[in-house]
Structure formats: C-alpha cells, structure tokens
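Peer 1: Okay, here's the structure, questions in a sec.
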Amino acid sequence: MPDIKINSRQQEAITFTSGPMQVLAGPGSGKTFTITQRIRYLIAECGVEPSRILVITFTRAAAGEMRERITAAISEKLASEPENEHLQRQSALIHNAQITTIHSFCLFVIRNHFQEIGLDPAFRVADEGEVGLLMQDVLEDVLEEAFGELERAKEEEKEAFPFQLLVEAYGTGKKETVLEESILSLYRFAMSYPWPEEWLREHG
C-alpha cells in the first residue's frame, strides 16, 4: 500500500463488507485512492473475483487511470507476498474487472445479451458525425410535415396552433437556421435530464 496516511473514515470505506454502502466525499478528499484501496482489499483480502467488480466512472480517461491504480495496488501487494498463489491468479485476472464508463458498460451488456432483446449482433454505435446527420434528417422531415399542416390550416382558415407561434418567434421559412438550431438546442437540453419527455411536458 502506498505510504499515504489513511484516516478512520477512509479505512471504514475500504474494509466495510456488511452490506450496501454510500460514501459522500468532496474534491481532494482522496476518493480515487480510497476506492482503489477498497478494490485491492476486496480482491486480495476477501477473495472477490475481479470479474465480479464493476466500477463506473464519468470518462474513459478516469476509467483508465482507475484501472492502472488498481493493477498497481494488486502488483504491490503481490510483491510483498510473491508466493501467494491467490494474488498471482487475481493479478492475472484483473483485466476482467469492469472498470469503465456507464456508456461502455451498457454497450458491454447489450453485446453480451443481444439475443434477449432481439438485436442484430452486428450492430454498432454511431459516431458523433453520423448522429448529427441523422438528427438533421429527422428534423427536416418533422419540420416539413409541420409546415405542411400549417399551410393546410391557413387554407382552411383554422385557428393557429402552437407550431405557428414557434415559427413566428424563430423563423419564417422551412430552411430557417435559427428555428432549427433552437429546436436542436432544446432537444439536447431536455436529453440532459433523466426523463426528458416529462421535463418537456412540464415546461411546454
């Protein structure tokens, strides 16, 4: 273990195994070190298989750093007990631990259970450029349909509906950039919420 002083709360977080545990810690409080040592403890001292460990981080860089730290911690423990066959085995299997982002983990689950949800195993994740083009295509189709309904409403002299108010506020034509950008901006903002459709209904 690195020559870093561990306080009593960190020690508790590292060795607690009696049930679910939630740890709240602010910036610079040693979260990464504590989590690393907890995983080392579970593998080296409790016999937990690396394949049964799931660590979720926000970014790939953070996941990579966490994996490196955990691997180093196990290797350090093994160096102090070179004859420990359990540690030798766990050190070789550490790559089986799921230390990843939530998106990567979800992709892992889908790839390993595609048959249960009826998904083509040859599926792939679209890159940002492809997603942008798809969103633009869908938006154009939606706007074309909405403008068509608006024209029919005018011809039939029906009362204006919400889309007309949107057009009057943000644009005057089918290719109005401001209108498209406003819709896409609203969509992205709504998607940042856990339940975007509910948020849109509440703020509609």
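Peer 1: Express in whole angstrom the spacing between the alpha-carbon centres of the range 28-67 and the range 116-171.
Peer 2: Measuring centre to centre over Cα atoms gives 43 Å.
Peer 1: Sticking with this structure for a sec: Among (i) 1, 8, 15, 19, 20, 15, 9, 5, 4, 2, 1, 1, 0; (ii) 1, 6, 10, 11, 12, 10, 8, 8, 8, 7, 5, 5, 4, 2, 1, 1, 0, 0; (iii) 1, 5, 8, 9, 8, 7, 5, 4, 3, 3, 3, 3, 3, 3, 3, 3, 3, 3, 2, 2, 2, 2, 3, 3, 3, 2, 2, 1, 1, 0, 0, 0, which is the computed P(r) over Cα pairs in 5 Å bins from 0, in percent?
Peer 2: (ii)
Peer 1: Remind me, relative contact order of the range 1-107 in percent, using alpha carbon pairs under 8 angstrom and six or more residues apart?
Peer 2: Relative contact order for the range 1-107 comes out at 32 percent.
Peer 1: Now for a separate question. Using Cα pairs closer than 8 Å and at least 6 residues apart in sequence, work out the relative contact order for the chain, in percent.
Peer 2: Once divided by the residue count of the chain, the mean separation gives 14 percent.
Peer 1: A further question on this structure: Carbon and sulfur: what percent of the chain's accessible surface (1.4 Å probe)?
Peer 2: The computed percentage sits at 55.
Peer 1: Take the chain, connect every pair of alpha-carbon atoms lying under 10 Å apart with a spring to form a Gaussian network, then pick out the residue of Glu151, Glu45, Glu85 with the largest mean-square fluctuation.
Peer 2: Per the Cα network of the chain with a 10 Å cutoff, Glu151 tops the list.
Peer 1: Hey, can you rank 185-193, 115-123 by average C-beta count inside 10 Å, highest first?
Peer 2: On the way: 185-193: 11.9, 115-123: 8.3.
Final packing ranking: 185-193, 115-123.
Peer 1: Calculate how large, on average over all directions, the projected area of the Cα convex hull of the range 1-88 is; give the answer in nm² to one decimal.
Peer 2: Taking a quarter of the hull surface, the average projection is 6.3 nm².
Peer 1: At a probe radius of 1.4 Å, what is the per-residue accessible area of Arg111, in Å² to the nearest 10?
Peer 2: For Arg111, solvent-accessible area is about 110 Å².
Peer 1: Would you please give the residues with an amide H less than 5 Å from that of Ile99, counting only those at least 5 places away or on a separate chain, with H modeled from the backbone geometry?
Peer 2: Val55
Peer 1: Also, I was wondering about something else. Express the relative contact order of the range 85-202 as a whole percentage, based on alpha carbon pairs under 8 Å and six or more residues apart in sequence.
Peer 2: So the answer I get is 10 percent.
Peer 1: Can you work out the accessible area per residue across the range 16-152, with the rest of the protein chains kept in place, probe 1.4 Å, in square angstrom?
Peer 2: 66 Å²
The values are calculated or read from the model by the stated rules, or taken from the named source; none is laboratory data. All values reported here derive from a predicted model rather than from experimental measurement. Note that we place each Cβ from the backbone using ideal geometry, even for glycine, and neighbour counts take in every protein chain shown. Areas reflect the complete protein model, heavy atoms only, side chains present, ligands, DNA and RNA absent. Shrake-Rupley method; radii C 1.70, N 1.55, O 1.52, S 1.80 Å.
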